[in-house]
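Here the structure comes first, spelled out in structure tokens, and everything after it is commentary.
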Amino acid sequence: MKAPQDTPRSLLVENLAWCSGIAYVVLLYVVVLNTGRELTGTRLLPAALLAVLLLPLVLRRPLPALALLLTASFAATVRADSAMAAGQRVMGIVPPAQTQAWQIAFLQAVLTDLTVGWIAATRSRRIAVAAALVALGVQIGGAGYYREGSSPFLAASVFLALMMVTAWTVGYSVRERRQHTVDLRARAAERAVVAERLRIARELHDMVAHSIGVIAIQAGVGRRVIDTQPSEARNALAAIEDTSRDTLAGLRRMLGALRQAVPGDGAPLSPAPGLADLDGLVARAQDAGLRVDIEWRRERRPLPAEIELSGYRIIQEAITNVVRHSGAPACRVTIDCGEDDLFIEITDKGRGPSGLPGAAGYGLTGMRERAALLHGEFTAGPRPEGGFRVAARLPLPVAVT
């Protein structure tokens, strides 16, 4: 819904950036043309301050900004050299071989190198190299107007080349470091997903092992009493049927998305927790200094083991994030068990996660992965009225409704 409003604003900003860049070229030429004296010392200050006009275009369109900057720099250098030489001839002075136009030239060279460094930090390596070579060629071409003779011209060219290489290297190093940081965060998120799935696999193993154990016991009872107590045998078969259906439903919904666990890494042996164990979670949170208010909506009823487990883990991780990152003294947990889905919401009035990569980000990744494995939905973010909100919707199988 915001797109129609954002488009005119973006076009306006784009047009203003272009107008500002063109104004830089025009005003720089006016300053160089009307100074009347050599652009040295403090008289370079107006030309330097004009660079602010080019900044918006550099940030949005660095390549066109570089083209404008090179054009203005070359023209300013040539004009400064010609104006000073003409003034000296009028006064009867023989123009020296090396004019003072090098000061405006090197000022523009600094601005050009900064722009090339920004291009190297934000664009691909091929584009950055091409921009650096073109800019260096224009700078060396302008050096012929204020450095006459092979030795002065060679010295100026080497100096300009070193400046350009330094600016490009710094910009490219910034780009590589930023890309490396992005890659590290992506790999960390992938590891968090894998670790979460492995933990879910271990917990699913506990659920399946428990169900198979119940089935084995009921099957043994039915076999022993089928001749003498047919009603007990029917009860045992009914228990086997119910347990099998529940277990198969959980397997169909979760097993296909899980990764194979690494053997020998110490899977937990305790039974998988559920929503009935929230009282112990609340007590542990109170020991950590956080008051947790749990609100149950509608009637509580038994849910499939994978739903109970995922709901418990989402609440547990959300409360952990509140304790570690929020700084809030209390949080509210709302659980709504509807006919078609289980809705969970955890809210607080703290400052929320800091946005830096770390435990909070990995915890959110794990909660999102749990909801996705059950074909549910997960959202997390700051609230307009302040604080942080975590919400999950887990669909229930048809057999539960």
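The values are calculated or read from the model by the stated rules, or taken from the named source; none is laboratory data. On a predicted model such as this, the values are computed, not experimentally measured, just so you know. Don't worry about glycine lacking a Cβ; one is built from the backbone with ideal geometry, like all the others, and counts go over all protein chains shown.
Key figures
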quantity: Residues satisfying the stated conditions in the stretch 377-386, i.e. within 18 Å of Gln316 (Cα to Cα) and either touching a helix residue (DSSP H, G or I) at 6+ places or on another chain (Cβ under 8 Å) or among the charged types (D, E, K, R) (or both); calculated: Glu377, Phe378, Ala380
quantity: Long-range neighbours under 6 Å by Cβ, at least six apart or interchain, first residue without any contact (Cβ under 8 Å) to a residue 24 or more places away in the chain within the stretch 44-62, second in a helix (DSSP H, G or I); calculated: Pro46/Val31
quantity: The stretch 138-178, subset among the small types (Gly, Ala, Ser), surrounded by fewer than 19 Cβ atoms within 10 Å (Cβ to Cβ) and at pLDDT 90 or above, residue nearest to the chain's Cα centre (by Cα); calculated: Ser173
quantity: Residue in the stretch 28-47 that is under 21 Å from Gln139 (Cα atoms) and either modelled with pLDDT of 80 or more or not assigned by TED's automatic domain parsing to the domain that holds Ala135 (or both) present; calculated: no
quantity: So Val221, is it over 20 Å from Thr247 (Cβ atoms), among the hydrophobic types (A, V, I, L, M, F, W, C) and modelled with pLDDT of 75 or more; calculated: no
quantity: Scope the stretch 282-339; condition assigned to a loop (DSSP other than H, G, I, E, B), under 22 Å from Ala371 (Cα atoms) and not charged (D, E, K, R); matching residues; calculated: Pro302, Leu303, Pro304, Gly338
quantity: Subset of the stretch 263-293 that is in contact with a helix residue (DSSP H, G or I) (Cβ under 6 Å, 6 or more places away or on another chain) and at pLDDT 85 or above - its residue that is farthest from Asp336 (Cα to Cα); calculated: Val292
